[in-house]
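The values are calculated or read from the model by the stated rules, or taken from the named source; none is laboratory data. Keep in mind the model is a prediction, meaning the values are calculated, not measured. Methodologically, a virtual Cβ is constructed for each residue, glycine included, from the backbone with ideal geometry; neighbour enumeration extends over all protein chains shown.
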Amino acid sequence: MRIRRIFQIISYLQYPLMLLALFFSIKPYLRGFEYVVHNLDVLLQYYNYVLIFAGLSISFSTLQDTRKVQNNFSRKIWENPRKGKKMIGLISGLVILVLGYGIFGYFITENEKIKELSFGAIVLGIGLIGFLKTAIEVFDNHRLDKNTIPEIHISKVKLVPLQKAVVGYKN
């Protein structure tokens, strides 16, 4: 139980990493739009940083306890079998698209600008793979069609003395 709590605490590193990704997404625009228009290489470099830090942030978020959900909105998705399956399908499609772009851009294309951005896409894709696995675990832990305990009504239970309940009792 203690190790689970330690990883839960470590998972909070996702927030400063996501703030770094947000910072790098707006940093090129702090110098003005004219600067961005004339220096597209700088913009791509910062977007690569955005992808890297977003991927790291998502990776840290997968260390959370999958037996708990963050809010009621998440609970409604993961408890419903249809919505949960759609969400897993959506995340799977996102993983395929991001990793596909990253692999294509890094290994296949000769364009250096796309190659630079592709490294960040690969890091984001790896983070999304971990996120997909976590989403599957959360879905398995919270779906109502598989994890419900049948309701027992006390009026339908026949109470017997303890001696009769013991195996091998003869009257």
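Listed here are the residues, each with its yes/no results for (1) assigned to a helix (DSSP H, G or I); (2) modelled with pLDDT under 90; (3) surrounded by fewer than 16 Cβ atoms within 10 Å (Cβ to Cβ); (4) of a type in the set (Lys, Arg).
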residue	(1), (2), (3), (4)
Lys113	yes, yes, yes, yes
Ser118	yes, no, no, no
Phe131	yes, no, no, no
Asn147	no, yes, yes, no
Glu151	no, yes, yes, no
Ser155	yes, yes, yes, no
Asn171	no, yes, yes, no
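Check Leu90 against each of (1) over 16 Å from Leu124 (Cβ atoms); (2) free of Cβ contacts under 8 Å to residues at least 24 places away in the same chain; (3) under 22 Å from the mean Cα position of the chain (by Cα) and name the one condition it does not meet. Every listed condition holds for Leu90 apart from (1). In the set (1) in a helix (DSSP H, G or I); (2) surrounded by 12 or more Cβ atoms within 10 Å (Cβ to Cβ); (3) free of Cβ contacts under 8 Å to residues at least 12 places away in the same chain; (4) charged (D, E, K, R), Arg82 fails one condition alone, (2).
Among the residues of region 100-113, is there at least one that is under 15 Å from the mean Cα position of the chain (by Cα) and of a type outside the set (S, T, N, Q)? There is no residue in region 100-113 that is under 15 Å from the mean Cα position of the chain (by Cα) and of a type outside the set (S, T, N, Q). Of the candidates Val36, Val50, Val42, the single residue that is at pLDDT 95 or above, surrounded by 11 or more Cβ atoms within 10 Å (Cβ to Cβ) and under 18 Å from Leu117 (Cα atoms) is Val50.
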